[in-house]
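Engineer: For reference, the structure I am asking about is given below.
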Amino acid sequence: MNYSKYFNVFVIFGLIVSIDSVKNKSKKNIGSSATSSTSQSPGCFCKLFGEVDDCTCKIDSLESLNNLQVYPRLDSLLARNFFRYVKVNLMKECPFWADDSKCAMKNCAVKTCTAEQLPYGLKNADGECNKYAKEAQPESPRTAPPGEKDEDCSEPRGDLGYLNTTISKESEEAFKDWTKYDDAQETFCELDDDTSPNMQYVDLLLNPERYTGYKGESPHRIWNSIYKENCFKPAEQSGYNSQSLTDLCLEKRVFYRMISGLHASINIHLSHQYLFPASTCYGIETWGPNNDEFQSRFDHEKTDGRGPQWLKNLYFTYLVELRALEKAAPYLEQEDYFTGDDEEDVSLKKGIKDLLRVIKEFPNHFDESRLFRGNKKEAKALKQEFREHFRNISRIMDCVGCDKCKLWGKIQVQGMGTALKILFSGDGMGPQSTVSAGSKRKFQLRRTEIVSLFNAFGRLSSSIHAVEEFRRRLS
């Protein structure tokens with residue numbers, strides 16, 4: 001018998017089996033990596049595939065649009081003077097409960113200044129102080145408030161939660177011209193009162209949204225109030241831990257998903273810019289991505305299966321605000337983006353037109369014409385309820401105990417409100433409708449609204465960009 005012949009057959013057969021086994025194993029790994037949908041370990045990203053809920057847009061096409069085209073353009077634009085300075089009132093009292101939830105850490109407070117320290121261009125008519133320090137110095141050491149000793153650390157610190165209200169001399173002078181320019185324009189909606197002595201300009205580049213240590217009962221009460229009292233949800237559900245939306249109509253699902261997406265975006269920022277404290281007094285505190293923090297907020301097992309859906313809602317919120325920018329493109333393309341620097345203004349306007357071109361070329365926008373259909377009387381009442389709920393949420397932002405968190409919360413809620421205002425305005429609702437710049441008597445955006453709209457969308461854009469980074473880090 002020719003044993004060598006049979007031996008060769010067995011060897012070949014063994015090689016074939018081994019190769020097939022490797023192929024099958026490879027395919028299995030690729031599949032689980034792409035969708036993270038295995039039954040054993042769903043992870044955080046198990047729902048980030050297919051279409052965005054209540055939309056026809058694919059998640060992968062949205063990620064491609066954002067990460068490759070929108071994010072780099074928007075990141076550059078938001079560093080320009082028109083968008084980096086925002087005027088905001090952080091001193092409003094909480095209208096819903098006693099304001100007993102201020103951040104306990106000393107670096108969460110905003111330092112005040114005297115009238116003598118304040119440049120002429122930013123003083124009120126009565127000479128009162130608006131809480132500005134001298135010249136912008138991002139790396140300057142912290143100075144202790146009156147009555148408090150400086151810490152022993154002499155090295156510059158990261159200032160946990162500290163709200164830096166310093167601005168440059170050049171910007172201070174420009175603000176006088178900005179105010180005159182805004183006053184000459186028609187206003188449309190009621191925002192923070194510009195005449196309030198508590199209004200202040202803040203440089204957003206000196207106050208990035210990141211982890212401040214603000215946690216516990218206070219932020220939980222904020223979000224619980226937003227969801228429980230202001231989001232459209234089935235009556236038997238409470239708080240923000242519900243999962244089923246099947247009993248809600250489209251309009252109420254839209255409202256809930258937008259708020260949930262905003263919540264997810266903020267949690268992503270806190271995880272992506274997490275504080276890693278110094279090991280010694282003279283060490284350096286650093287901010288960076290924290291995988292464990294991200295997983296604790298979005299992992300399937302650690303959130304009772306809800307985290308991946310919260311993450312998916314981010315993409316829905318992004319689509320809604322993306323559509324608002326597309327609809328308002330004719331209006332935004334005609335804006336001057338006035339800062340008093342002609343060269344800067346022309347350059348910024350060119351960059352915005354380029355961003356809007358990319359947005360308009362995207363084929364799968366959110367269709368707002370699907371909202372508020374049917375009986376006109378019922379649709380009008382539902383739209384009014386929509387607005388009242390959102391106004392209430394904007395008021396809840398004044399209850400946030402951390403000034404930096406309040407700052408970014410107000411900006412993002414105001415930006416979302418501006419997006420809704422755009423979607424419900426113009427020459428109609430639907431893919432072909434726009435907001436025209438030629439009829440400002442019917443529609444008007446103030447600088448505050450435009451700045452908030454772009455910065456809020458920038459936060460969503462950076463969140464989706466960060467999701468891709470976390471996906472790589474956790475793969």
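The values are calculated or read from the model by the stated rules, or taken from the named source; none is laboratory data. Being a predicted model, the structure only gives us computed values, none of them experimental. When we count neighbours, we look across all protein chains shown, and the Cβ atoms used for this are built from the backbone with ideal geometry, even at glycine. Just so you know, the surface numbers come from the protein's heavy atoms only, side chains and all, with ligands and any DNA or RNA stripped out. Shrake-Rupley method; radii C 1.70, N 1.55, O 1.52, S 1.80 Å.
Engineer: Between a first residue in region 356-367 that is without any contact (Cβ under 8 Å) to a residue 24 or more places away in the chain and over 15 Å from residue 457 (Cα atoms) and a second residue that is of a type in the set (Phe, Trp, Tyr) and open to solvent by 40 Å² or more (accessible area, probe 1.4 Å), which pairs have beta carbons less than 9 Å apart while being 6 or more apart in sequence or on different chains?
Structural biologist: Hits for this filter: zero, empty list.
Engineer: Kindly provide the set of residues from region 460-475 that are charged (D, E, K, R) and open to solvent by less than 50 Å² (accessible area, probe 1.4 Å), ordered by number.
Structural biologist: To start, the set of residues in region 460-475 that are charged (D, E, K, R) comprises 468-469, 471-473.
Passing the criteria: 469, 471.
Engineer: Evaluate the following for residue 372: is it touching an Asp or Glu at 6+ places or on another chain (Cβ under 7 Å), touching a residue at least 60 places away in the same chain (Cβ under 8 Å) and over 17 Å from residue 321 (Cβ atoms)? Talk me through it step by step, then tell me what you get.
Structural biologist: Values: touching an Asp or Glu at 6+ places or on another chain (Cβ under 7 Å): yes; touching a residue at least 60 places away in the same chain (Cβ under 8 Å): yes; over 17 Å from residue 321 (Cβ atoms): yes.
Taking the combined requirement at face value, the residue satisfies it.
Engineer: For region 274-296, which positions are within 20 Å of residue 214 (Cβ to Cβ) and open to solvent by less than 60 Å² (accessible area, probe 1.4 Å)? I'd like the intermediate steps shown before the answer.
Structural biologist: So the first thing to find is which residues in region 274-296 are within 20 Å of residue 214 (Cβ to Cβ), and the list is 274-278, 285-290, 292-294, 296.
Result: 274, 275, 278, 285, 287, 288, 289, 290, 293, 294, 296.
Engineer: Oh, and also: Which one of the conditions (1) open to solvent by less than 20 Å² (accessible area, probe 1.4 Å); (2) among the hydrophobic types (A, V, I, L, M, F, W, C); (3) under 28 Å from residue 90 (Cβ atoms) does residue 443 fail to meet, given that it meets all the rest?
Structural biologist: (3)
Engineer: Restricting to region 365-397, give me the number of residues that are modelled with pLDDT of 85 or more and either in contact with a Pro (Cβ under 7 Å, 6 or more places away or on another chain) or of a type in the set (A, V, I, L, M, F, W, C) (or both).
Structural biologist: Residues in region 365-397 being modelled with pLDDT of 85 or more and either in contact with a Pro (Cβ under 7 Å, 6 or more places away or on another chain) or of a type in the set (A, V, I, L, M, F, W, C) (or both): 8 in total.
Engineer: Just for region 161-174: of the residues that are modelled with pLDDT of 70 or more and not hydroxyl-bearing (Ser, Thr, Tyr), which one is nearest to the chain's Cα centre (by Cα)? Let's see the steps before the verdict.
Structural biologist: Of all residues in region 161-174, those modelled with pLDDT of 70 or more come to 163-174.
Those left that are additionally not hydroxyl-bearing (Ser, Thr, Tyr): 163-164, 167, 169-170, 172-174.
Details: 163: 18, 164: 20, 167: 23, 169: 29, 170: 28, 172: 27, 173: 30, 174: 27 Å.
In this case the residue turns out to be 163.
Engineer: Here's a follow-up. From the list 177, 192, 247, which residue is open to solvent by less than 60 Å² (accessible area, probe 1.4 Å), modelled with pLDDT of 65 or more, out of contact with any His (no Cβ under 9 Å at 6 or more places or on another chain) and acidic (Asp, Glu)? Don't jump to the end; show me each part of the working.
Structural biologist: On the way: 177 fails: open to solvent by less than 60 Å² (accessible area, probe 1.4 Å); 247 fails: open to solvent by less than 60 Å² (accessible area, probe 1.4 Å).
So the residue among 177, 192, 247 that is open to solvent by less than 60 Å² (accessible area, probe 1.4 Å), modelled with pLDDT of 65 or more, out of contact with any His (no Cβ under 9 Å at 6 or more places or on another chain) and acidic (Asp, Glu) is 192.
Residue-by-condition table, conditions (1) out of contact with any Gly (no Cβ under 9 Å at 6 or more places or on another chain); (2) modelled with pLDDT of 85 or more:
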position: 410; (1), (2): yes, yes
position: 413; (1), (2): yes, yes
position: 425; (1), (2): yes, no
position: 429; (1), (2): yes, no
position: 445; (1), (2): yes, yes
position: 454; (1), (2): no, yes
position: 466; (1), (2): yes, yes
